[in-house]
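To start, the structure itself, in structure tokens.
Coordinate-derived values only; no laboratory data. Nothing here was measured: the structure is a model prediction, and the numbers come from that model. Positions of Cβ are backbone-derived with ideal geometry, glycine not excepted, and every protein chain shown enters the neighbour counts.
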There are 2 protein chains.
Amino acid sequence: MKVNELLKQFKFIKEIDKLKYIQRKTKLFNSDRHENDAEHSWHLAMMVLVLAEHSNEPIDVLKVLKMVLIHDIVEIDAGDTFLYDTTKNHVNTDEEFIAAQRIFGILPPNQTQEFIDIWLEFEEGKSNEAKFAKTMDRLQPILQNRSNQGGTWTEFNVSYETVFEKVKGIQKGSESIWQYTTSELNEAFGRN
Amino acid sequence: MKVNELLKQFKFIKEIDKLKYIQRKTKLFNSDRHENDAEHSWHLAMMVLVLAEHSNEPIDVLKVLKMVLIHDIVEIDAGDTFLYDTTKNHVNTDEEFIAAQRIFGILPPNQTQEFIDIWLEFEEGKSNEAKFAKTMDRLQPILQNRSNQGGTWTEFNVSYETVFEKVKGIQKGSESIWQYTTSELNEAFGRN
Ligand SMILES: [Ca+2]
């Protein structure tokens, strides 16, 4: 039995419980209740299972699941970065990299490396898996905002052009989901 | 483009948002805040990723992930069943099966069938994947209760023998996790 590994893994499992306290700007469907990062990550994982067939390119579903399950864990230390926060840049920051090293560093070394690599691949957004994972991450708040009379777009007065710019990466992961998205955005912003 | 499929899938993605409102009896680590089913499911998925190497038998990790991600979705209609509720039986009830048919039935037919099959395989608990998924589902509240001065065991006055009986299935999924669990239970109930 690998007792030492097991103790490190349990410590990590306990540490990541904190993701349940990281509040996002977006709210649940038809709701005033903010979503937290753990709920968000579960929802993205379900979306991967359900929508994988719409990926532009063949994808390793297990890898995409790993990406969406862990993608926000760095926010335990670094905090949630709101997509439309203009004061922050959104490329993975030093702060996030230090967080990844600390939190994934709780695990046995081979798992530390695996999780950091997967997180970096997601952040980079170049592989087919990362593109699809990012498509899910962009799509989910659109669906939520649509159910909440514009949600964060209305609340923070975000323009159609800004939203379009931020979410157009959806196209890289799935053309069919992008077609749906553009028609939803047009409707939301009264451009139909 | 499969527009019809996509619309059904989006409807399902919206419907399962309700899992975030299903409150469990157990609480977050070192906390008074109840956990909800979506957070719980995310946490189990992370545990699968981290602990898979401790499975007694080789497992298809993707399938185990599917199981833990969807295993509680029926509770949107059927409600949370508390492990130590003596007034309910815990084999999958008619109510849960009807819930599975309604909720997974929102999806395109091939996905409806896939999700019901995976949920039933989990409930049955016989395959290697189901055994390991159930091991995660039994383990997580033990870790939480240990961090909360006995948590639900103390709150609902559950005896060592009852806990032991309910969680001994952990052994079927992982001998090494079971060894750890028994020593934790012995400590929690002052049997060392
Ligand atoms: Ca984020």
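Against chain A, whose longest principal axis is taken from its Cα atoms, helix A:109-124 shows a tilt of about 20°.
Note that region B:73-83 has calculated 3J(HN,Hα) couplings of 4, 4, 5, 4, 9, 8, x, 6, 9, 6, 3 Hz, one per residue in order, obtained from phi through the Karplus relation 6.51 cos²θ - 1.76 cosθ + 1.60 (θ = phi - 60°); glycine and proline are x. Our summary of shape: the Cα atoms of the protein assembly as shown have principal axis extents of 67, 48, 37 Å, ordered from largest down, in whole angstrom. Inter-copy label distances at B:Gly190, using a point 7 Å along Cα-to-Cβ, come to 6.9 nm with the shortest given first. Label-point spacing for A:Asp32 across the identical copies (point 7 Å from Cα in the Cβ direction), in nm and ascending order: 2.3. Modelled label positions at A:His34 and B:Tyr160, each set 7 Å beyond Cα in the direction of Cβ, lie 4.4 nm from each other. On a 0 to 90 degree scale, rounded to 10, what angle separates helix B:61-70 from the longest Cα axis of chain B? So the helix axis and the longest Cα principal axis differ by about 90 degrees.
Just to be sure I understand the model, the point goes 7 Å from the Cα along the line to the Cβ. What's the resulting A:Glu95 to B:Asp94 distance in nm? Here the modelled spin labels are 5.6 nm apart.
Each Lys or Arg adds one and each Asp or Glu takes one away; over the other residues whose Cβ falls under 13 Å from the Cβ of B:Ser159, this sums to 0. Each residue of region A:180-189 is assigned a 3J(HN,Hα), and the resulting list reads 4, 4, 4, 5, 5, 5, 4, 5, 4, 9 Hz, derived from the Karplus form 6.51 cos²θ - 1.76 cosθ + 1.60 (θ = phi - 60°), x at Gly and Pro.
Once the Cα atoms are used to define both axes, helix A:3-15 deviates from the longest principal axis of chain A by about 30 degrees. Normalized C-alpha radius of gyration of region B:123-192, against 2.2 N^0.38 Å? Output field value: 1.09. Between copies, B:Gln101 shows label-point distances of 5.7 nm, shortest first, with the point placed 7 angstrom from Cα along Cα to C-beta. The chymotrypsin sites (Phe, Trp or Tyr not before Pro) of region A:124-192 that meet both conditions, a loop assignment by DSSP and at most 16 other Cβ atoms within 10 Å of the site Cβ, are A:Phe156, A:Phe189.
Determine the calculated [θ] at 222 nm for chain B from helices alone, applying -39500 (n - 2.57) to every DSSP H run no shorter than 4 residues and normalising by the residue count; nearest 500 deg cm²/dmol.
Values: 11 runs with 120 residues, N = 192.
That calculation yields -19000 deg cm²/dmol at 222 nm.
For region B:14-100, applying the loop criterion from DSSP together with a ceiling of 14 other beta carbons within 10 Å to the trypsin sites (Lys or Arg not before Pro) yields B:Arg33, B:Lys88.
Note: relative contact order over chain B, using C-alpha pairs below 8 Å and six or more positions apart, is 25 percent. Extending 7 Å from Cα along the Cβ direction at A:Arg191 and again at B:Gln113 yields two label points whose distance is 4.1 nm.
Other residues within the sphere of radius under 11 Å centred on the Cβ of B:Leu139, judged by their own Cβ, net out at +1 (K and R +1, D and E -1). As a proxy for reagent exposure, A:Asp60, A:Asp37, A:Asp80 were ordered by neighbouring Cβ count within 10 angstrom, fewest first; the result is A:Asp60, A:Asp80, A:Asp37.
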